[in-house]
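Enquirer: Can you read through this structure? Questions will come right after.
The values are calculated or read from the model by the stated rules, or taken from the named source; none is laboratory data. Values in this document were obtained by computation on a predicted structure and should not be read as measured data. Please note: Cβ atoms are built from the backbone with ideal geometry, for glycine as well, and neighbour counts cover all protein chains shown. Calculation scope for accessible area: heavy atoms of the full protein, side chains included, ligands and nucleic acids excluded. Shrake-Rupley method; radii C 1.70, N 1.55, O 1.52, S 1.80 Å.
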Amino acid sequence: MADVTPPTEHLSQTSLSDAISSSETLRAEFSDRVPIRSILSRPDGGAGLAGNHVRIGGWVKTGRKADKDAFAFLELNDGSCPANLQVIVDSDKADLGQLVPTGTCVSVDGVLKLPPAGTKQKVELRVEKVISAVARIRNALAYATHTFFQKHGFLYVHTPIITTSDCEGAGEMFQVTTLIAEAEKLEKDLIKNPPPTESDLEAERLVVKEKGDIVAQLKSAKASKQDIGASVAELKKAKENLAKLEERSKLKPGIPQKNGKIDYTQDFFARQAFLTVSGQLQVESFVCSLSSVYTFGPTFRAENSHTSRHLAEFWMVEPEIAFAELEDDMKCAEAYVRYLCQWLLDNCYDDMEFMADKFDKGCINRLKMVASTPFERITYTKAVELLEEAVKNGKVFENKVEWGTDLASEHERYLTEVKFQKPVIVYNYPKQIKAFYMRVNDDGKTVAAMDVLVPKVGELIGGSQRDERYDVIQSRIKEMGLPSEPYEWYLDLRRYGTVKHSGFGLGFERMILFATGIDNIRDVIPFPRYPGRADL
């Protein structure tokens, strides 16, 4: 291959961004991936961008090995335009056999080069790295999660994705309903086959009357059973037709209502249902008979947030421990996080070296520090005092620091990155900012809740001792303005006897952010879902 490099070779990634018109739907707005359209739609076909390092992601349309399998040519398309970008991958960069099949999804780093004279391409990509490190790290953390909990006697249980109760009480839930689809279907049907008019109904009523009169006459005339039976059958059929017409005449377009409100008894589950924000409430029903359990699955938040730390669909690891208080919960959380960090160091060091080279030079040292350092533990009250002291000493926070409000990400990161320079567990939060199920402390103002804060991310884990007292939980549900009916089954866990138990939830994607140093949470999950985006 010719290695023609024009004077633009030393342009930085920033200059590439400048070179590409911002009016094009370029760059993945929230990542450093460059859409193929941004390159090939230029008047020069992308030739002027030669020499620039770029990251491309897409699907192989055609692929072939060449020069005795020394390298492969891939025609890559990412859906941003009809044209394909030619990509050249040397055999020492990846397993070519896995790359050449049509439909293969790849993400590659490389340098844009001018192709040999006489070829149809204006520019091609010479690959330096086929990226699959994030996928391997995600897989390793999932494997380590199951290994840790299975090793410590936890039973893996599956909790429902569709639920009728809001675990967090925040109301930010995706609703599961067929009412809209059914309403649209009915509307189309009524347009195609309009409902019967009053005259149609009256005509059918006359048919029923006529059929009834005939039956009466036959009986009066003492006709044969066969004749009477045939007439009765016709009368029955006419009544059925009338009933169908009357039922259809009641159909109205739109979502069904009752007493001015949506009639959820007509919905698929005959009541309101939602995608779960957490499997915790359901996993508590398992812990009361199996002692130590955990669930690991997708959860959903209908939070209209566009930050680099939020997703609408994400994965949660949620263990629950019977006969455990807050202290036990904190011990388990710390041991789990340290285990994950050591697992990556032991099993994914080459991938972590790549992350250190490409994203965060300190990621390996951060894993080593967390794996080997006991976590700091402070009360929420102490945390507020430390933050207020920092403000007095000139530290500026965007969010106000005061007792009774939740800690913002900047507060959490100050505590773990600046003040203590290691993970911090903050516990005993004000009850008004925490969920109803957390055990109310004797002071009546705080609950036995804890958050594990880590550098780079802030809150990684949230957990608590669950309140085992029926009357306290019942009053907390009322305090928070939650309807009691959806939680009756949960109250039964206390109403008929229970045990002390505690648990926590770890945001799996946040753990990947912490481990890799990648800045945006949308880059650590294969198919990110966030406001305005649910592709594929």
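Enquirer: Would region 50-61 turn up any residue that is over 30 Å from residue 350 (Cβ atoms), small (Gly, Ala, Ser), outside any strand (DSSP E or B) and within 36 Å of the chain's Cα centre (by Cα)?
Expert: No: zero hits.
Enquirer: Further, regarding this structure: Are any residues in region 112-130 open to solvent by less than 30 Å² (accessible area, probe 1.4 Å) and among the β-branched types (Val, Ile, Thr), and if so, which ones?
Expert: Answer for region 112-130, where residues must be open to solvent by less than 30 Å² (accessible area, probe 1.4 Å) and among the β-branched types (Val, Ile, Thr): 123, 127, 130.
Enquirer: Shifting gears a bit: I need the full set of residues from region 225-247 which are open to solvent by less than 60 Å² (accessible area, probe 1.4 Å) and not aliphatic (A, V, I, L, M), in order please.
Expert: Of everything in region 225-247, those that are open to solvent by less than 60 Å² (accessible area, probe 1.4 Å) and not aliphatic (A, V, I, L, M) turn out to be 229, 231.
For (1) surrounded by 13 or more Cβ atoms within 10 Å (Cβ to Cβ); (2) farther than 30 Å from residue 279 by Cβ, each residue gets a yes or a no:
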{"position": "145", "(1), (2)": "yes, no"}
{"position": "157", "(1), (2)": "yes, no"}
{"position": "177", "(1), (2)": "yes, no"}
{"position": "188", "(1), (2)": "no, yes"}
{"position": "194", "(1), (2)": "no, yes"}
{"position": "202", "(1), (2)": "no, yes"}
{"position": "214", "(1), (2)": "yes, yes"}
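Enquirer: Checking the structure you have, find out if any residue of region 73-80 is touching a Leu at 6+ places or on another chain (Cβ under 7 Å) and either in a strand (DSSP E or B) or acidic (Asp, Glu) (or both).
Expert: Yes, because at least one residue in region 73-80 is touching a Leu at 6+ places or on another chain (Cβ under 7 Å) and either in a strand (DSSP E or B) or acidic (Asp, Glu) (or both).
Enquirer: Is there a residue in region 500-507 that is out of contact with any strand residue (DSSP E or B) (no Cβ under 8 Å at 6 or more places or on another chain) and surrounded by 16 or more Cβ atoms within 10 Å (Cβ to Cβ)? If you could, list the steps in order and put the result at the bottom.
Expert: Start the filter on region 500-507 by keeping residues that are out of contact with any strand residue (DSSP E or B) (no Cβ under 8 Å at 6 or more places or on another chain), which leaves none.
Scanning region 500-507 turns up no residue that is out of contact with any strand residue (DSSP E or B) (no Cβ under 8 Å at 6 or more places or on another chain) and surrounded by 16 or more Cβ atoms within 10 Å (Cβ to Cβ).
Enquirer: Need pairs with beta-carbon distance below 9 Å; first residue under 12 Å from residue 321 (Cβ atoms) and within region 283-297, second of a type in the set (S, T, N, Q) and open to solvent by less than 20 Å² (accessible area, probe 1.4 Å); sequence gap 6+ or separate chains.
Expert: 283/295; 286/295; 294/145
Enquirer: If you check 134, 106, which single one turns out to be part of a strand (DSSP E or B) and under 26 Å from the mean Cα position of the chain (by Cα)?
Expert: That would be 106, the only listed residue that is part of a strand (DSSP E or B) and under 26 Å from the mean Cα position of the chain (by Cα).
Enquirer: Going residue by residue through region 84-106, is there one that turns out to be touching a residue at least 24 places away in the same chain (Cβ under 8 Å) and over 28 Å from residue 351 (Cβ atoms)?
Expert: yes
Enquirer: Could you tell me whether region 214-221 includes any residue that is of a type in the set (Ser, Thr, Tyr) and outside any helix (DSSP H, G or I)?
Expert: Within region 214-221, none of the residues are of a type in the set (Ser, Thr, Tyr) and outside any helix (DSSP H, G or I).
Enquirer: When the residues of region 244-282 are filtered to those that are aliphatic (A, V, I, L, M) and within 30 Å of residue 202 (Cα to Cα), which remaining residue is modelled with the lowest pLDDT?
Expert: The residue in question is 251.
Residue-wise test of (1) open to solvent by 50 Å² or more (accessible area, probe 1.4 Å); (2) part of a helix (DSSP H, G or I); (3) touching a residue at least 12 places away in the same chain (Cβ under 8 Å).
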residue	(1), (2), (3)
400	yes, no, no
404	no, no, yes
432	yes, yes, yes
447	no, no, yes
453	no, no, yes
459	yes, no, yes
478	yes, yes, no
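Enquirer: Output the residues belonging to region 86-106 that are over 18 Å from residue 35 (Cα atoms), surrounded by fewer than 19 Cβ atoms within 10 Å (Cβ to Cβ) and of a type in the set (Val, Ile, Thr).
Expert: 100, 102
Enquirer: I'd like the full set of residues that are open to solvent by less than 10 Å² (accessible area, probe 1.4 Å) and either out of contact with any helix residue (DSSP H, G or I) (no Cβ under 7 Å at 6 or more places or on another chain) or assigned to a loop (DSSP other than H, G, I, E, B) (or both), limited to region 281-310.
Expert: Within region 281-310, 283, 287, 299 qualify.
Enquirer: Could you check residue 357 against (1) farther than 17 Å from residue 148 by Cα; (2) in a strand (DSSP E or B); (3) charged (D, E, K, R) and say which number it fails?
Expert: Just one mismatch for residue 357, condition (2).
Enquirer: Further question: Only one of 66, 83, 50, 70 is surrounded by fewer than 19 Cβ atoms within 10 Å (Cβ to Cβ), of a type outside the set (Asp, Glu), more than 21 Å from residue 518 (Cβ to Cβ) and touching a Leu at 6+ places or on another chain (Cβ under 7 Å). Can you tell me which? Can you show your working first?
Expert: On the way: 66 fails: touching a Leu at 6+ places or on another chain (Cβ under 7 Å); 50 fails: surrounded by fewer than 19 Cβ atoms within 10 Å (Cβ to Cβ); 70 fails: touching a Leu at 6+ places or on another chain (Cβ under 7 Å).
Of 66, 83, 50, 70, the one residue that is surrounded by fewer than 19 Cβ atoms within 10 Å (Cβ to Cβ), of a type outside the set (Asp, Glu), more than 21 Å from residue 518 (Cβ to Cβ) and touching a Leu at 6+ places or on another chain (Cβ under 7 Å) is 83.
Enquirer: What are the pairs with Cβ atoms under 6 angstrom where one residue, in region 139-151, is over 14 Å from residue 295 (Cβ atoms) and among the aliphatic types (A, V, I, L, M) and the other, located anywhere, is open to solvent by 10 Å² or more (accessible area, probe 1.4 Å) and at pLDDT 95 or above? Sequence gap at least six, or different chains.
Expert: From region 139-151, the pairs are 144/343.
Enquirer: Condition test on residue 510, is it within 17 Å of the chain's Cα centre (by Cα) and part of a helix (DSSP H, G or I)?
Expert: Considered against the rule, which asks whether it is within 17 Å of the chain's Cα centre (by Cα) and part of a helix (DSSP H, G or I), residue 510 comes out as yes.
Enquirer: Which residue pairs have Cβ atoms closer than 7 Å, lie 6 or more positions apart in sequence or on different chains, and pair a first residue in region 330-351 that is under 15 Å from residue 373 (Cα atoms) with a second residue that is of a type in the set (Lys, Arg) and open to solvent by less than 80 Å² (accessible area, probe 1.4 Å)?
Expert: Short answer, once both residue conditions are applied: 330/377.
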